[in-house]
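I have placed the structure first, in the form of structure tokens, so that the comments after it can refer back to it.
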Amino acid sequence: MDLTNSTCTEIRDAVRGKKVSALEVTRHFADRIQKLDSKVNAFVSTNDRAEDAAKMVDAKIAKGSDPGALAGVPMAIKDLLCTKGLKTTASSKILANFVPPYSATVVNRLEAAGAVTIGKTSLDEFAMGSSNENAATGPVHNPWNLEYVPGGSSGGSAAAIAARMAPGAIGTDTGGSIRQPASFCGLFGIKPTYGRVSRFGIIAFASSLDQAGPMALSTKDCALILETISGSCAHDSTSATIEVPKWSEIITEDVKGLRVGLPKEYFAEKMDSDVERVTREAIAALKDKGAVIVDVSLPLVKHAVPVYYLVATSEASSNLARYDGMRFGHRSTNAAHGDLDDLYSSSRGEGFGSEVKRRIMLGTYALSSGYYDAYYQKASQVRRLIRNEFLNAFQTCDVILSPVCTSPAFKVGERINDPLEMYLNDIFTTSTNLAGLPGMSVPAGYSKAGLPIGVQLMTRHFDETRMFNVSLALENSLQAVKARRPNVI
Amino acid sequence: MKKPDSGLDLATVQKVANLARLKISDSEATAIAGQLSAVLENFKQLAAVDTTGIEPLVTPTDLSIRLREDEAVVEKDVESFVANAPARSGNLFKVPPVVGG
């Protein structure tokens, strides 16, 4: 069995069918991490107890009891999710030695289903970034071309799968942090509806926007992982009690008569020619399968970046107030004796990296007396209008298709000194988070330089089923896209 | 209500840094002033959107927040929390003296 290029579903089936042991699978991917990660730098740490977890799955199978829906599947977990007894850093110096006393609900549910946490993956510090260059452990490299970024903030998770160091991964998405790296690394990645997945134990960036979701090599893998981690959780009052469909069993590539909306404003933007070509090809593929293409209009989406950055940084400035060096995390030894404020500000000044500082500053400014109305409140009002626009567009279509990003992956170092340019990169992804809608990146083609490009699908709240159906239709139509693999393999 | 002000001077940057309890060097402050000024200049575009009478949206979910009984549940031992403390004294978080003298 070619474990390296197997999907999560194939590995699960092989483990359950005793064609391979969970331990062999875990060792295979641990070896690949050992061999390849010095080039890619996707992992912050590996899990010393991974083999023990795999042995438990094998023991269950030997006993004849149910080993779970993800039996023996190694999963790379973004280092923003707490893992009990396993260091969790958010790729920040301020949490360099933090060992959580509990696991995120997402991690508990994966492990209960037999998944093996193989390691913790790098991210832009506290999930703030679009290139995975803002990480305490250094930039992550795109396995398709090591000179390029993998995207961010879930860049480590994306690069880990692209280099086949894990068949599946968990990322988080506050403004595109699953979808953009999935697009840059040629993967399927879904940001579920806000409330679909519990945020408990996930280090908070912007609480009204954050959602965790799967990144993988197929639609079905995303469906399988998402149905495992979804559902209400007593520890997160914003997690929805709404029923979780068995997507891995019910999804179909039938998109006949489905109305696919193209927001004309997304296509009016000055667009990279490769992105435009790939997006048009995806539209044509859906048309061939019987989907109906309709035009929709989302005129306020052009303001999504400022609305997003004002809301997200305001929430972050509040969420990150907890890192004060008192109960956990870095505490400065350089503060003036007896000066509590100096101890706080020194600990934070030393522990946070430059992008995190910039965003805390922006958020603090947007919430400060005299500016609150003009920035945070104004942004929150426009946020409602953007949400209304989407709800209105879904009166005339069932799914919205757009590019994920304005360009394929860019080079390491190319944009890191221009925050505004980096922020504007998020124009197509941030609005779904603002509106709480599900969004997905589906591999759809390549640039002339050979870098992957995805297209984005968006559906109504809690209508992931339809999104998976369209994703499967595209996946089946675009077999040649799937067949290509990065050189690093 | 103040107008959106796109030029951030160094004094404002240091004032905000103090509000956020972030110690930043003069060179960091200069860089942040320039970068955030450019960002805020771009964000001025929001002023063009008519939001008269629009209720701010603070969470995207329509679902009502669930309530639970106000009961204490002991899930973890004290040790697992104190273990991450930068400094501790027995079961307690140890902090430096905050009162001078």
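In whole Å, how far is the Cα centre of region A:119-186 from that of region A:251-310?
Centre-to-centre (Cα) distance: 24 Å.
If the elastic network links every pair of Cα atoms under 10 Å, which of B:VAL39, B:VAL49, B:VAL74 fluctuates the most in the Gaussian network model of chain B?
Judging by the Gaussian network model, the answer is B:VAL74.
Report the full-extension gain for the segment A:SER369 to A:ASP288: residue separation times 0.36 nm, less the Cα-Cα distance, to one decimal in nm.
Working: separation 81, 0.36 × 81 = 29.16 nm, distance 5.55 nm.
Here the segment from A:SER369 to A:ASP288 would lengthen by 23.6 nm.
Within 12 Å, Cβ to Cβ, of A:ARG280, how many net charges do the neighbouring residues add up to if Lys/Arg are +1 and Asp/Glu are -1? Don't skip to the answer; put the middle values down first.
Values: positive: A:ARG277, A:LYS287; negative: A:ASP274, A:GLU276, A:GLU281.
Net local charge, A:ARG280 excluded: -1.
Write down the accessible area per residue of region A:293-412 in Å², having rolled a 1.4 Å probe over the full set of protein chains. Show your work: numbers first, answer last.
Working: 3710 Å² over 120 residues.
Dividing the accessible area of region A:293-412 by its residue count gives 31 Å².
In square angstrom and rounded to 100, what buried accessible area do you get between chains B and A, total over both, with the probe at 1.4 Å?
On the way: alone 9880 and 18280 Å², together 22320 Å².
The contact between A and B buries close to 5800 Å².
State the percentage of accessible surface on the protein assembly as shown attributable to carbon and sulfur atoms; use a 1.4 Å probe and exclude ligands, DNA and RNA.
About 50 percent, which is the carbon plus sulfur part of the accessible surface.
Just report the Cα centroid separation between region A:1-67 and region A:226-243, whole Å.
Their Cα centres are 27 Å away from one another.
Counting DSSP beta bridges with both partners in region A:55-209, what percentage is antiparallel, nearest 5? Show your work: numbers first, answer last.
Numbers: 3 of 11 bridges.
If we restrict to bridges inside region A:55-209, about 25 percent are antiparallel.
Tell me, what ³J(HN,Hα) does each residue in region A:39-53 have, in order and in whole Hz, if you take phi through Karplus 6.51 cos²θ - 1.76 cosθ + 1.60 with θ = phi - 60° and put x for Gly and Pro?
Here the 3J(HN,Hα) series is 8, 8, 6, 7, 9, 7, 7, 10, 9, 4, 9, 4, 5, 4, 5 Hz.
Which number gives the lysine pairs in region A:235-304 that have C-alpha atoms under 28 Å apart and are eight or more places apart or on different chains?
12
What does the extension gain come out to for B:GLU71 and B:ASN42, with contour length at 0.36 nm per residue minus their alpha carbon separation? If you can, show how the numbers build up before the last one.
On the way: separation 29, 0.36 × 29 = 10.44 nm, distance 4.83 nm.
Difference between extended and current length: 5.6 nm.
Determine by what factor the alpha-carbon radius of gyration of chain A differs from 2.2 N^0.38 Å, reporting the quotient.
Against the compact-globule rule of thumb, the ratio is 0.92.
As a test, work out the antiparallel percent of DSSP beta bridges whose residues both lie in region A:1-141, rounded to the nearest 5.
Details: 4 of 9 bridges.
That works out to approximately 45 percent antiparallel.
Less than 12 Å Cβ to Cβ from A:ILE386, Lys/Arg counted +1 and Asp/Glu -1: what total charge do the surrounding residues give? If you can, show how the numbers build up before the last one.
Working: positive: A:LYS302, A:ARG383, A:ARG384, A:ARG387; negative: A:GLU265, A:GLU389.
Taking every Cβ under 12 Å from that of A:ILE386, the sum is +2.
With both bridge residues required to lie in chain A, what share of the DSSP beta bridges run antiparallel, to the nearest 5%?
Working: 32 of 47 bridges.
DSSP beta bridges in chain A are roughly 70 percent antiparallel.
Around A:VAL106, what is the net charge, scoring Lys/Arg as +1 and Asp/Glu as -1 over all other residues with Cβ under 15 Å from its Cβ? Kindly include the intermediate steps, with their values, before the conclusion.
Working: positive: A:LYS78, A:LYS84, A:ARG109, A:LYS120, A:LYS191, A:ARG196, A:ARG199; negative: A:ASP79, A:GLU111, A:ASP173, A:ASP210, A:GLU227, A:ASP236.
It works out to a net charge of +1.
Cα centroid distance between region B:19-94 and region A:464-478, in Å?
The two parts, judged by their Cα centres, are 36 Å apart.
For region A:1-103, what class follows from the C-alpha gyration tensor (a ≥ b ≥ c being the square roots of its eigenvalues): rounded when a/c is under 1.5, otherwise prolate if a/b is larger than b/c, else oblate?
Numbers: a/c = 2.63, a/b = 1.57, b/c = 1.68.
In terms of gyration-tensor shape, oblate.
For the residue pair B:THR59 and B:PHE93, what label-to-label distance in nm results when each label sits 7 Å from Cα along the Cα-to-beta-carbon direction?
Once both label points are built, they end up 2.5 nm from each other.
Can you tell me what percent of all Cα-Cα pairs in region A:338-450 are more than 24 Å apart? Don't jump to the answer; show the numbers that get you there.
On the way: 3171 of 6328 pairs.
Considering region A:338-450, 50 percent of its Cα-Cα pairs are separated by more than 24 Å.
Among the residues of region A:101-138, which ones have their accessible area go down by 10 Å² or more when all the protein chains sit together, as opposed to their chain alone (1.4 Å probe)?
Flagged in region A:101-138: A:PRO101, A:TYR102.
Please list, in order along region A:370-377, the HN-Hα scalar couplings obtained from phi with the Karplus expression 6.51 cos²θ - 1.76 cosθ + 1.60 (θ = phi - 60°), rounded to whole Hz, x for Gly and Pro.
Each residue of region A:370-377 in turn: x, 10, 3, 5, 6, 10, 4, 5 Hz.
Which ³J(HN,Hα) values, rounded to whole Hz and listed in residue order, are derived for region A:329-346 from phi using the Karplus coefficients 6.51, -1.76 and 1.60 in 6.51 cos²θ - 1.76 cosθ + 1.60 with θ = phi - 60°, glycine and proline given as x?
x, 5, 10, 5, 10, 9, 7, 5, 4, x, 10, 4, 4, 5, 5, 4, 6, 6
Tell me the per residue accessible area of region A:62-136 using a 1.4 Å probe; a whole number in Å² is fine. Walk me through the intermediate numbers first.
Values: 1870 Å² over 75 residues.
Accessible area per residue, region A:62-136: 25 Å².
The values are calculated or read from the model by the stated rules, or taken from the named source; none is laboratory data. Computed from a predicted model, the values in this text were never measured in an experiment. Note that we place each Cβ from the backbone using ideal geometry, even for glycine, and neighbour counts take in every protein chain shown. For accessibility, only protein heavy atoms count, side chains too; no ligands or nucleic acids. Shrake-Rupley method; radii C 1.70, N 1.55, O 1.52, S 1.80 Å.
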